[in-house]
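Here is the structure we will look at, set down as structure tokens.
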Amino acid sequence: MSIVQDVAEWVHTRAQGAVSADVAAEFNVSTSRASGIIAAIHREPRFDTRVEKCQICNSLGAQASGRRLYVDKVTPSQWECKPVIGTYRNGKTVQFGSIHEAHRQMGFDREMISRCLRGEQKHHRGYRWQVATTEQVTG
């Protein structure tokens, strides 16, 4: 799962929302990286979010204005939980529970597989990719 998805799910569980410092502390990233992640979550149409302005204290104790993110609804990525099948040139097939599983287990590039599924390219690393049907998964 991506860090954006992980952070969105974490913020969704918090009634008080989160500022970049909260995200940075929880996910061990810099506050500037956390701010970028929060912006990415807010831009993603699969998350229902709202942002409120707030006053925070910086590391020197001075007042600073910030943004508090609330995530009201989290939807998984379009390809997150869909099983995929890759068919090699010689007919050999590989099957994974998701694109992320293909990346974790065999090092396939997630974006390249997504492009194949969207029809933007024909193959990745010699494999033609497709979303597995119910019969292919159970069979």
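State whether the residues of region 57-70 include one that is over 16 Å from the mean Cα position of the chain (by Cα), assigned to a loop (DSSP other than H, G, I, E, B) and modelled with pLDDT of 90 or more. Step through it out loud before you land on a result.
As a first pass, look at region 57-70 and keep what is over 16 Å from the mean Cα position of the chain (by Cα): 57-70.
Restricting the remaining residues to those that are assigned to a loop (DSSP other than H, G, I, E, B) gives 58-62.
After this cut, where a residue has to be modelled with pLDDT of 90 or more as well, the list is none.
No, that holds for no residue.
Could you tell me whether residue 102 is at negative phi and outside the structural domain of residue 125 (by TED's automatic domain parsing)?
Considered against the rule, which asks whether it is at negative phi and outside the structural domain of residue 125 (by TED's automatic domain parsing), residue 102 comes out as no.
Does region 33-73 hold any residues that are farther than 14 Å from residue 3 by Cβ and hydroxyl-bearing (Ser, Thr, Tyr), and which are they?
Hits for region 33-73 are 49, 59, 65, 70.
Please go through region 98-123 and pick out each residue that is assigned to a loop (DSSP other than H, G, I, E, B), surrounded by 15 or more Cβ atoms within 10 Å (Cβ to Cβ) and within 16 Å of the chain's Cα centre (by Cα).
98
Run down 121, 105 and say which single residue is more than 20 Å from residue 7 (Cα to Cα) and either touching a helix residue (DSSP H, G or I) at 6+ places or on another chain (Cβ under 7 Å) or touching a residue at least 40 places away in the same chain (Cβ under 8 Å) (or both).
Working: 105 fails: either touching a helix residue (DSSP H, G or I) at 6+ places or on another chain (Cβ under 7 Å) or touching a residue at least 40 places away in the same chain (Cβ under 8 Å) (or both).
Within the list 121, 105, the selection yields 121.
Any residue at all in region 57-80 that is in contact with a His (Cβ under 9 Å, 6 or more places away or on another chain), within 24 Å of residue 111 (Cα to Cα), surrounded by 13 or more Cβ atoms within 10 Å (Cβ to Cβ) and aromatic (Phe, Trp, Tyr)? Break it down stepwise before answering.
As a first pass, look at region 57-80 and keep what is in contact with a His (Cβ under 9 Å, 6 or more places away or on another chain): 67, 69-74, 77, 79-80.
Now drop any that are not within 24 Å of residue 111 (Cα to Cα), which leaves 74, 77, 79-80.
Next, only the ones that are surrounded by 13 or more Cβ atoms within 10 Å (Cβ to Cβ) stay: 74, 77, 79-80.
Checking which are aromatic (Phe, Trp, Tyr) leaves us with 79.
There is at least one residue in region 57-80 that is in contact with a His (Cβ under 9 Å, 6 or more places away or on another chain), within 24 Å of residue 111 (Cα to Cα), surrounded by 13 or more Cβ atoms within 10 Å (Cβ to Cβ) and aromatic (Phe, Trp, Tyr).
Among the residues of region 68-82, write down those that are in contact with a Lys or Arg (Cβ under 6 Å, 6 or more places away or on another chain) and closer than 16 Å to residue 22 by Cα.
70 - this is the single residue of region 68-82 that is in contact with a Lys or Arg (Cβ under 6 Å, 6 or more places away or on another chain) and closer than 16 Å to residue 22 by Cα.
Can you tell me which of (1) over 30 Å from residue 130 (Cβ atoms); (2) surrounded by fewer than 17 Cβ atoms within 10 Å (Cβ to Cβ) is the one residue 18 doesn't meet?
Condition not satisfied by residue 18: (2).
The values are calculated or read from the model by the stated rules, or taken from the named source; none is laboratory data. Note that the structure is a prediction, hence the values are computed from the model and not measured. Cβ coordinates were reconstructed from backbone atoms using ideal geometry, including for glycine residues, and neighbour counts include every protein chain displayed.
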